[in-house]
Every structure is written in structure tokens, then in C-alpha cells.
Protein chains: 2
Amino acid sequence: MKLAVDAMGGDYAPKQIVMGAIEAVKKYDCEIVLVGDREKIEAEIKANNAQNLDRLTIHHTTEVIEMGEHPVEAVRKKKDSSLVVATKLVKTGECDGVLSAGSTGAATTAATLFLRTIKGVDKPSIATPLPTKDGLVLLLDSGAIVDSKPKDLTEMALMGSIYSQYVYGIDNPKVGLLNVGEEETKGNKKVQTTYPMLKGMNSINFIGNVEGRDIPTGMADVVICDGFVGNIVLKFAEGLAVTLLDLIKDAIKNGGIFAKLGAVLVMPALKKLGKRLDVTEYGGAPLLGVNGCCIICHGSSDAKSICSAINVANEYVKNNVVDRIRDSIEKEEMLADDNNEEK
Amino acid sequence: MKLAVDAMGGDYAPKQIVMGAIEAVKKYDCEIVLVGDREKIEAEIKANNAQNLDRLTIHHTTEVIEMGEHPVEAVRKKKDSSLVVATKLVKTGECDGVLSAGSTGAATTAATLFLRTIKGVDKPSIATPLPTKDGLVLLLDSGAIVDSKPKDLTEMALMGSIYSQYVYGIDNPKVGLLNVGEEETKGNKKVQTTYPMLKGMNSINFIGNVEGRDIPTGMADVVICDGFVGNIVLKFAEGLAVTLLDLIKDAIKNGGIFAKLGAVLVMPALKKLGKRLDVTEYGGAPLLGVNGCCIICHGSSDAKSICSAINVANEYVKNNVVDRIRDSIEKEEMLADDNNEEK
């Protein structure tokens, strides 16, 4: 198991990325290639007294893709960027997977361009884990396909289902279609067309429509939606969490001495809950549908989240998620062909 | 000022609806016609010792539209339902506005069918207020138009802007287009087409794209989106609030004696915050774009939220929101025609 980690991508790169990689090689059975500026990476390794870890190597690159850059242009132009080189290490077979906390658009572009999509998959999609009442739900697509077609949504259902089963260990994951109502006839044209297609699929456990309010309850293990919708839901959740926390802090600050004392007493219980709800504990979001393991991490990832994401990448590779997706897509296509012939 | 209130619509009808109406006639300068089963309404009035309120009258009807019914069929068939009759009281000019906590689909259908849309408006949309860091944001459409066109989105921008200004008293309200990124070129085809149209409008203060995370911060006073997206965001917020509250309660319950004591001490401060974040304080959601005031309340509305919604309806009518929308739409259309001629 060998993973290429883009050491230069992310708000806290290279420091937190390198620290996460150090933690991961100590904790998990994997080799890591840190891709980026050798001097900077070596300085971080030294600062963490980790010079003697032989499962941690450096692949030197001279360029970095910045957050504001146009993904396609940046990936085409910056051939010696940490992201492009890390992705190509998977293409050549030198590494089993790639991980980046840099620009999501650039990571998606690089993976699509160099690893190509799995036969039968039109476009890859991003699956983001969200905490629920007593577990987690995988929301996809969360931003890669903003004008998805019904066929894209069926591919997401299949890929999300496999990922949920083999990486999170959820048996026969329940797949829901995000909609404005429960009934099959509800929603816009896209989901109305998609519903019967999902219903006809053999390899997924389709439970029908789920509404916005069902996402956090864990009614479904995999929630399927267009990337425009998914991205807005995810960012809304993020904004809500930050705003709510600020408001609670303010309320306690202005609540006088009793409120402050109460906050101190209640904190340990809430910290435990906060830890469970912290998405960074669940690692990054996989780009599903390309020929290789590609994990996209949040821009604000710290060492802990990088380390969790490396664990996720490990499970992804170990469980042959790509091969399983390839097989499933082939089977569903054969099934669809049979059905068409019968008609 | 005379409002028709559907006394039979909502999870807690007629009890909470009648109680809300009683509270409102005492508190605000308005007359209320409770539309529904006379016997049941009278029983509630009697239970609240409110027989002597002469600004509260009853209009007897024999039918009720249930939540599960098909909106169009139900509205066409149940001619003596409380909702249909209440809406028709606005059509005939007997009342200035209608308010219902029953089926949103049926209320939208009845208003569209009997009050008709304002000239120039293709379809009405629902504007829902959401609490933000230090105020509120109006999100529309929140479910009436699930396959909206760019023109629908521009109408929402204009109508939401007028509503925000005249009902919530926000001066020159900031209008944002909900998107997956800030840049003009981001998003799906629909929002990409809508962006320059909003930019070209004279009567709104368009601030550009806003992302999901910007909704709760109050970056915009009015957030425009397709009804499919808006409905999912709103229901997601609702589900998240319920789930989070449950989780916090569990965490405190399992946190031992100190956590429980802390919770007691911190509660007054949090209750104050909770009251501010409680959407029911902001009244119902208006159906904008029909020739008349139509306020849709949450199915779970209690007396307090019905009373706030009646206040909102009052402001709506008093400030001639319908006329203002009609004038603005006319002006924007003339402007668009001029621009086309110039070209």
C-alpha cells in the first residue's frame, strides 16, 4: 500500500499535511510519498523528529496549484505541481492512491484527465460523509457535477453504495434519492426520471425518496443528489454549525456568572458529542468513478483529518473499491441491455 | 383590515388556530374571519372565554382538505372546504388576505386558481424567513417552483426584495443568488443564465452569488434559489435542529451530575437564544406573486406562530405589497423592452 500525498495543498500545508502523514505511517500499515517542495517538507519532518521513518519518502516538485486558479488551465499548465505529479504517480502504478487538501476543482480535473473515468461512468462524483444521529451518511454528489443527468445519479447510487459498504462497513447500505417529498411523483423532472431508474437497479438497496430533514436522522446511508444541491447543503451545514457555535458562545458570555459556570460544567459532555460530530474524524471525500483511489480533503484539514483520510484511502485500496465499482457498472449495464432486448 | 383564517388546516387545528386568532384580534388592529366547522370553532372560542370579541367572526364550511390529498384535485373537488372558501373571500374582496397552516400545495393551488398571478409573473413562489446571526434572511423559492426558469428567479428577486423591505422593514435589502461559488461563471446553467439578468435589474440591490455557508451569516437579506433547492435547504435545517437538540439532551443525560447541573445553569441564556432562533416568531411564509395576500404557515403551527403570521399578513396588506410588486414588475418589463429596442 503506497499513497501519494499532495504536501502543498490546503490552508495549513505543508505543516499539517506532513504531520498527518507522519502520524499515519506510524499508525497504519502503509507507505507514503509526500509530493512537494523537498526543502519545506524536510524541515517539517525534522521539526517532528521523524527523519527515521523509512515508510515516508519525498517526491520533489517545483510548482503549486493555488486555490483561486482555474482548475483545467492550472492542471494543464503546471506539469510539475505537487497535485499533478501526485496524481500521475497513481497513473503510472507507482502509488495506489492520491490524496489532496488543495483545490477540489483541480484535484477532480487531474484525476479525470490522468486516471480517466471507469468504463460506463460519464463523470466522477464526490461523496462526502456527514455525521448523523448515530452514525454517518454519505452525500453525493457534493459538487463535481452541477448539471447532472439521471444516468449520473444512478451511477452515484451504485458507487456510493459500494463505498459505504466496503469503506464504512455498512451492510446493504440504504440508498435514498434527495427530494422535496416522499412520493414517487414528487420533485423536479430530473428526480422524477431518476426514481424509476434507481428502482430498477439490481445492485443497490433503494429506499425511495428522502427529504432534507431525513439527512441528519440517518434514514439513509447514502443520499443521492445533483452536485449543485449537494454542495449547497454541505456548505449550509458548515455555515450553520459555525454560526450556531458563535451564537451559543455569545449567549453564555452575556448570560452572567451562572451561565458561565454552567458552561464549564456541561463542557466535557458536549466536547464528547462535538468529537463525534466532527466530520474530520471521518477522513476526506472520495472522488468516485475514476480509475484509482483519489481522496479530496477539506481545505482547512489539520494533521488529524489528514491522518483519518489516509486511513480511508487505505481501506479504499485494500477493499478494491475501484474494481468493485467497475464490475457493478458492467453488471447493471448488462441487465439494462437485457431489459431493452426483452422490450 | 380583515383576514380569512383557515381554521381547519394544520396539525393542531382548529384549537391552536382559533387560539392564535383570539390572541391576534386582541393584540393587533384587525378583523378575523375564522373559516371552518362552526361548531368546533365555537367550542374553542368558548373554551378560551372569547365569545365577546366582535372582531372575530365565523364563516361556516363543511369540508376539509387533508394533508395527503392531491392539491389540484382537492381544491377542484372540495368547493366547501375551509381553504377554498377562505381564499375565495379574498377573491370577492370580502377579506384582505388569507392564512392557512394546511397543505402548502393546496394553498398554493387555491391562491393561483382563484386569485390568479400578478400580470407578468409566471408562477408564484414561497418566501420563508430563516433566522441568521443577527436578524433574518428570506429564502425563496422554498418549494412552489421545482423546475424554475431564470425568469422565475428574477421575479423572486424582485418580490422578495419588496417583501423584505415593506414587511420586515429592511432598507435596500441585499439580494443574493444561491450558488456553489462566488464567481459569476460558477454553477449550473440555470444560475449562470440568471446572474446577468439579476445584474441588469434596476429595482433590486443584487450583491452577486452567495454560497450555502453564507445563508446563516446574514450576508444577504434575500436569497434566491430554485424551489427544489430551497425546500431541501429548509427541511435540512429543520432536521438538523431537531437532531442536534436530541443529541445535546442525550449527551447531558449521559454526562453525569455535573453536566446536568451545568445544563440547568446555562439554560436561561440558551432559552433566550432559542427564542430568537425560533422561526415561528417570524410568522408564516408569504406566497408571493398572486393578486392578494396569502400566508402559508408551517403545519405544526401553534397559537403563537398563527398570531405572528396574522401580524405579518397585516403588515403585508397595510403596506400594499401586492401593488408594489405589480408596479415593480411593470417597470422592470418596460426597462427590459427599452433595452431590447436599443439593441
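Worth pointing out:
- Of the residues making up segment B:106-122, those that are buried (at least 20 other Cβ atoms within 10 Å of the Cβ) and not β-branched (V, I, T) number 6.
- Among the residues making up segment B:198-219, those that are away from chain A (no Cβ under 12 Å) and either of a type outside the set (A, V, I, L, M) or within 22 Å of the chain's Cα centre (by Cα) (or both) are B:K199, B:G200, B:N202, B:S203, B:I204, B:N205, B:F206, B:G208.
- Filtered residue count, segment A:179-194, keeping only those that are more than 9 Å from chain B (Cβ to nearest Cβ), touching a strand residue (DSSP E or B) at 6+ places or on another chain (Cβ under 9 Å) and surrounded by fewer than 22 Cβ atoms within 10 Å (Cβ to Cβ): 3
- Among residues of segment B:270-320, those that are of a type outside the set (A, V, I, L, M, F, W, C), assigned to a helix (DSSP H, G or I), within 14 Å of chain A (Cβ to nearest Cβ) and in contact (Cβ under 8 Å) with a residue 40 or more places away in the chain, counted: 1
- The lone exception for A:N254 - which of (1) surrounded by fewer than 20 Cβ atoms within 10 Å (Cβ to Cβ); (2) touching an Asp or Glu at 6+ places or on another chain (Cβ under 8 Å); (3) of a type outside the set (A, V, I, L, M) it fails: (2)
- Residue match in segment B:58-68 (condition: under 17 Å from B:I306 (Cα atoms) and in the same structural domain as B:V98 (by TED's automatic domain parsing)): yes
- Count - residues of segment B:99-123 that are at pLDDT 95 or above and either within 12 Å of the chain's Cα centre (by Cα) or among the polar types (S, T, N, Q) (or both): 8
- Filter result (surrounded by fewer than 20 Cβ atoms within 10 Å (Cβ to Cβ) and in contact with a helix residue (DSSP H, G or I) (Cβ under 7 Å, 6 or more places away or on another chain)) within segment B:207-226: B:R213, B:T217
- Test for B:D122: is it within 29 Å of A:K249 (Cα to Cα) and in a loop (DSSP other than H, G, I, E, B): no
A quick yes/no check of all residues on (1) on the phi < 0 side of the Ramachandran plot; (2) in contact with a strand residue (DSSP E or B) (Cβ under 6 Å, 6 or more places away or on another chain); (3) aromatic (F, W, Y):
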site	(1), (2), (3)
B:G160	yes, yes, no
B:S164	yes, yes, no
B:N172	no, yes, no
B:L198	yes, yes, no
B:M219	yes, yes, no
B:F228	yes, no, yes
B:N231	yes, no, no
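- Flag for A:G10 being over 17 Å from A:Y316 (Cα atoms), buried (at least 22 other Cβ atoms within 10 Å of the Cβ) and in the same structural domain as A:I295 (by TED's automatic domain parsing): yes
- Among the candidates A:I306, A:I310, A:I329, the residue that is of a type in the set (V, I, T) and in contact with a strand residue (DSSP E or B) (Cβ under 7 Å, 6 or more places away or on another chain) is uniquely A:I310.
- Within segment B:238-259, restricting attention to residues that are within 7 Å of chain A (Cβ to nearest Cβ) and among the small types (G, A, S), the residue that is nearest to A:E211 (Cα to Cα) is B:G239.
The values are calculated or read from the model by the stated rules, or taken from the named source; none is laboratory data. What you are looking at is a predicted structure, and each value in this text was computed from that prediction instead of being measured. No Cβ is skipped: glycine too gets one built from the backbone with ideal geometry, and neighbour counts run over all protein chains shown.
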